[in-house]
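Trainee: I have a structure I would like to understand better, so I am pasting it below and will then ask my questions one at a time.
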Amino acid sequence: MTALRSVLFLLVQVILTPLFALLMLLTAPLGSRGPRVMSGLWCRLMIESGRRLCGVRYDITGWEHLPKGPCVILAKHQSAWETMFFPAFFPPHAFVLKRELLRIPFFGWGLRLLQPIAIDRDQRKESFQQIQQQGLERLGAGLQVVIFPEGTRVPPGYRARYGQSGGALAAAAQVPIIPIAHDAGHLWKKGLFSKLPGTIHVRIGPPIRMDKPTGPHLTAAAEAWIESQMEDLTGIPAKPYHRKSRSL
């Protein structure tokens, strides 16, 4: 049944993705608001389809911590679910992501319209500088910036090194960091036929601010909060993730 439900979800995704990519392109001449509305609607439909077809529910706590204005969001990255969660429910934002995603037919075409910060992860120094420069531009335009500080998907029960770009950006822009922990990887697993029924828990942490913030101190504080929440969710300390680091 799990495989059958996952196939049904895949069919819905295959049908709706080209349609909404076209709607995003058609609304692009009107400004960024049209593509963002279409993207958010597609993401909500995908999450709702996952709930109805695959039984993947979600419970979110800490909404009161999320500001409406600019901030840097540092979040765990375990699955594709959270990449849909942010556009579905959060204020306008820009993802830091690998530029290869922009080349995916339909999906990448629509993604390009959402003002992402698309980096080449193999060019670490240049990517860090790009995140700082374009991140300040996005924050200055009133957007939030979403960064997965471990730089790649990390399996449940593991933790990778946190990159410094998010803390450095928040310190330079004088905006708070919002840490987010979740366990989506337990249910929304990698692969086409591996959506498991159950409840994803998302915890939005209190804003991290300091009188005289520095990037490393902000990142360390966010990491400490996120990983403590992950241990509370799973009941066990995370193991080091030994894959080649992609964090920035």
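The values are calculated or read from the model by the stated rules, or taken from the named source; none is laboratory data. For clarity, every value in this text was computed on a predicted model and none was experimentally measured. In this analysis, Cβ positions are derived from the backbone assuming ideal geometry, glycine residues included, and neighbour counts consider all displayed protein chains. Surface accessibility is based on the protein's heavy atoms, side chains included, excluding ligands, DNA and RNA. Shrake-Rupley method; radii C 1.70, N 1.55, O 1.52, S 1.80 Å.
Trainee: Find how many whole Å separate the alpha carbon centroid of the stretch 178-205 from the alpha carbon centroid of the stretch 13-35.
Mentor: 26 Å
Trainee: Taking 0.36 nm per intervening residue step and subtracting the Cα-Cα distance, what contour gain separates L10 from R161 on full extension? Before the final figure, lay out the partial values.
Mentor: Details: separation 151, 0.36 × 151 = 54.36 nm, distance 3.25 nm.
51.1 nm is the gain from fully extending L10 to R161.
Trainee: On average, how much accessible surface per residue is there in the stretch 1-62, in Å², for a 1.4 Å probe, leaving out ligands, DNA and RNA?
Mentor: Each residue of the stretch 1-62 exposes 55 Å² on average to a 1.4 Å probe.
Trainee: For T234 paired with Q133, estimate the spin-label separation in nm (one decimal), with each label point 7 Å from Cα along the Cα-to-Cβ line.
Mentor: Modelled inter-label distance: 3.7 nm.
Trainee: Express the carbon and sulfur contribution to the solvent-accessible surface of the stretch 90-197 as a percent, rounded to the nearest whole number, probe 1.4 angstrom.
Mentor: Looking at the stretch 90-197 in its full context, I get 57 percent from C and S.
Trainee: Normalised by the empirical 2.2 N^0.38 Å for globular proteins, what value does the Cα Rg of the stretch 13-71 take?
Mentor: Here the answer is 1.40, to two decimals.
Trainee: If you don't mind, another one. Per residue of the stretch 218-224, in order, report the coupling 6.51 cos²θ - 1.76 cosθ + 1.60 (Karplus, θ = phi - 60°) as ³J(HN,Hα) in whole Hz, putting x for Gly and Pro.
Mentor: 5, 4, 4, 5, 5, 4, 4
Trainee: Let me ask something else. Using Cα positions and a limit of under 26 Å, work out the lysines in reach of K189, with same-chain residues fewer than 8 apart set aside.
Mentor: Within the straight-line limit of under 26 Å, K189 reaches these lysines: K76, K98, K239, K244.
Trainee: Over all distinct alpha-carbon pairs, what is the Kirkwood Rh of the stretch 103-248 in angstrom?
Mentor: Kirkwood radius, the stretch 103-248: 16.7 Å.
Trainee: Alpha carbon centre of the stretch 131-145 versus the stretch 38-88: separation in Å?
Mentor: Between the Cα centre of the stretch 131-145 and that of the stretch 38-88, the gap is 21 Å.
Trainee: Turning to a different aspect of this structure: With the other protein chains left in place, how much accessible area per residue, in square angstrom, belongs to the stretch 152-248 at a 1.4 angstrom probe? Mind dumping the intermediate values first?
Mentor: Numbers: 4760 Å² over 97 residues.
Each residue of the stretch 152-248 exposes 49 Å² on average to a 1.4 Å probe.
Trainee: Mind checking Rg over Rh on the chain, alpha carbons, Kirkwood formula for Rh?
Mentor: Working: Rg = 17.4 Å, Rh = 18.4 Å.
Rounded to two decimals, Rg over Rh is 0.95.
Trainee: Let me ask you something else. With a 1.4 Å probe and all protein chains in place, put K195, K190, K125, K98 in order of accessible area, largest first.
Mentor: K190, K125, K98, K195
Trainee: Using a 7 Å offset from Cα along Cα-Cβ at A141, what residues in the stretch 27-56 end up with backbone N under 19 Å from the label point?
Mentor: 27-41
Trainee: Then there's this: Give me D for the stretch 110-169 in µm² s⁻¹, whole number, from Stokes-Einstein with Rh from the Kirkwood sum over alpha-carbon pairs, 10 °C and 1.306 mPa s.
Mentor: This corresponds to a translational diffusion coefficient of 125 µm²/s.
Trainee: Using a basic spin-label model with each label point 7 Å from the Cα along Cα→Cβ, how many nm lie between W109 and H65?
Mentor: Once both label points are built, they end up 3.9 nm from each other.
Trainee: Another question, if that's okay. Provide the net charge surrounding R153, with neighbours chosen by a C-beta distance below 12 Å and charges set as Lys +1, Arg +1, Asp -1, Glu -1.
Mentor: The answer is +4.
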